[in-house]
Amino acid sequence: MKKLLVSVTLSAALGAGSLLAFTAPTSAAVVCNKSRDCWHTTEKYKYRPSFGVTVHPDSWKFSGTRYHWNEHEGRGYWRNGLWVTF
């Protein structure tokens with residue numbers, strides 16, 4: 001009986017841990033450069049100040065100014081219409 005109780009408790013703990021891993025919020029952001037090129041990122045990169053980018057929360061909405069959406073996979077940033085990896 002004790003062995004069954006330990007098995008049930010362990011299974012419940014593993015199930016709860018798995019569920020928590022799938023419901024954890026993802027890290028997302030909108031990044032824009034001085035030329036108003038913006039893109040989404042799912043990783044938190046450390047952008048150097050010389051890159052000239054601003055990181056906004058994923059819920060950020062621009063208004064009144066023209067922005068250009070450019071999506072790209074991987075680590076980098078947009079500069080003068082070109083994707084620069086770092």
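Residues of segment 44-57 that are exposed (fewer than 13 other Cβ atoms within 10 Å of the Cβ), at pLDDT 85 or above and assigned to a loop (DSSP other than H, G, I, E, B): Lys46, Arg48. Each residue in segment 42-68 was checked for being under 15 Å from Ala28 (Cα atoms) and among the basic types (Lys, Arg), and 3 of them qualify.
Of Ser27, Ser7, all but one fail to be assigned to a loop (DSSP other than H, G, I, E, B) and modelled with pLDDT under 90; the exception is Ser27. In segment 69-86, the qualifying residues are those that are more than 19 Å from Ala28 (Cβ to Cβ) and not in a loop (DSSP other than H, G, I, E, B), and the one that is nearest to the chain's Cα centre (by Cα) is Thr85.
The values are calculated or read from the model by the stated rules, or taken from the named source; none is laboratory data. No experiment lies behind these values; they were computed from the predicted model shown. Backbone-built Cβ (ideal geometry, glycine too); neighbour counts: all protein chains shown.
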